[in-house]
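Read through the structure below, which is laid out as structure tokens, and then see the notes.
The values are calculated or read from the model by the stated rules, or taken from the named source; none is laboratory data. Here the structure is a predicted model, which means the values were calculated and not measured. Backbone-built Cβ (ideal geometry, glycine too); neighbour counts: all protein chains shown.
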Amino acid sequence: MKEEAVDLGIWDKLTRAVTLLLVIAVAVGIAYLCVPLMQQNERMRQRNLDLETQIQREEDAGRQLKAGLDAQRSDPKSVERLAREKLGYARPGEVVIRFQDKATQAVR
């Protein structure tokens, strides 16, 4: 007994074509939904890296400020230097000479 293949003709070819087109349509639909999510994920990762870098810079600045504050609290020479530089103070008998930038002189 030999089995013969039944030739369905055009209907078999159409069924395969429709199945292939459905698979392609599903794949395109999935890609259409996933690509924007992947792009958003990448943007969020980049934003996260930027924020982590900013946090690191701010922590470094905070450590520097804390070190300066600790120095001002415990080191009299640091306080004296700060008073001389920022406030223009001098010891009795000293003369303070201030220099101006060329840009400052041009405005006046």
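Restrict the check to the range 37-47 and report whether at least one residue is part of a helix (DSSP H, G or I), loosely packed, with under 10 Cβ neighbours inside 10 Å and at pLDDT below 85.
Within the range 37-47, none of the residues are part of a helix (DSSP H, G or I), loosely packed, with under 10 Cβ neighbours inside 10 Å and at pLDDT below 85.
Output the qualifying pairs, or none if there are none: Cβ atoms under 8 angstrom, residues six or more apart or on different chains, first residue in the range 72-83 and in a helix (DSSP H, G or I), second residue of a type in the set (Val, Ile, Thr) and surrounded by 12 or more Cβ atoms within 10 Å (Cβ to Cβ).
Taking only residues 6 or more apart or on different chains, the pairs are Gln72/Val79.
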